[in-house]
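These notes concern the structure reproduced below.
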Amino acid sequence: MRLPQDRIAVDGSSLDQAPAIYLMMNKPRGAVTTASDEKGRETVYDLLDPQLPWAGPVGRLDKASEGLLLLTNDSEWGAKITDPASHLDKKYHVQVNRVADADLLARIVQGSAPEGKAGEDLRARQARILRHGNKNSWLEITLDEGKNRQIRRLLETLEVQVLRLVRVSIGPLELGDLKKGAVRRLTAEEKKAIDQALRSQQTA
């Protein structure tokens, strides 16, 4: 039996719901994840084609962070992506102001609490060194939860400064070679892959 669906009408005329849209953006550093900004800064909406249906960000990347940002008008789908219970891995490439070693990686995974917030443990699921120079390193840090500014706050407790932070994947979705500031629709295969990942976590 087909269940009745909500209908929106104006003056008795039904309004058709906009088709679902699923977008991937390579958010540039400096753009804020909001619809408008009182300081007049660039927002992620400035990067969207005005001809597209409205779509809201799925989660956030702070102003100084870059990389993969999803946008959709499917609020139920977006809520599943951001739900801590989904435990979708989110990978970040992070440049830090020191030469990393095994001890630092262990401390990132072990976790730490911000000063004055003993009950809030910040930790990563995985951490590894991508490359390093004489004074800094690039790390790949994997989270399976999404606390506010989690990586920056965690590294701050370890007295490590973040120089750059780029989100490169959410679950099976990878940023790939999408140019900075560019936006594209998810392919049918990408949408199917992340839906399957969400279902597998729900049944795990």
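The values are calculated or read from the model by the stated rules, or taken from the named source; none is laboratory data. What you are looking at is a predicted structure, and each value in this text was computed from that prediction instead of being measured. Ideal geometry is used to build each Cβ from the backbone, glycine not excepted, and the neighbour counts take in all protein chains shown.
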*Starting from segment 83-96, take each residue that is assigned to a helix (DSSP H, G or I) and list its partners that are at pLDDT 85 or above, counting only C-beta distances under 9 angstrom and pairs at least six apart or across chains.*
P84/D144; S86/K80; S86/D144; S86/G171; S86/A197; S86/L198
*Select from segment 96-123 the residues that are of a type in the set (G, A, S) and modelled with pLDDT of 95 or more and list them in ascending order.*
A100, A102, A106
*List pairs: first in segment 27-55 and at pLDDT below 95 and hydroxyl-bearing (S, T, Y), second crowded, with 16+ Cβ neighbours inside 10 Å and assigned to a loop (DSSP other than H, G, I, E, B), Cβ under 7 Å, 6+ apart or cross-chain?*
T33/R60; T33/L61; T43/A31
*Do you know which of the residues in segment 127-162 that are part of a strand (DSSP E or B) and within 18 Å of the chain's Cα centre (by Cα) is modelled with the lowest pLDDT?*
L143
*Which one of these does V58 not meet: (1) closer than 23 Å to K179 by Cα; (2) without any contact (Cβ under 8 Å) to a residue 24 or more places away in the chain?*
(2)
_Filter pass, L71 being outside any strand (DSSP E or B) and either at pLDDT below 95 or more than 19 Å from N136 (Cα to Cα) (or both)_ = no
*Just one of (1) closer than 15 Å to L105 by Cα; (2) touching a residue at least 40 places away in the same chain (Cβ under 8 Å) trips up I170, so point out which.*
(1)
*Taking D74, is it over 20 Å from the mean Cα position of the chain (by Cα), touching a residue at least 40 places away in the same chain (Cβ under 8 Å) and over 26 Å from L155 (Cβ atoms)?*
no
*Has segment 171-182 got at least one residue that is touching a Ser or Thr at 6+ places or on another chain (Cβ under 9 Å), part of a helix (DSSP H, G or I) and surrounded by 15 or more Cβ atoms within 10 Å (Cβ to Cβ)?*
no
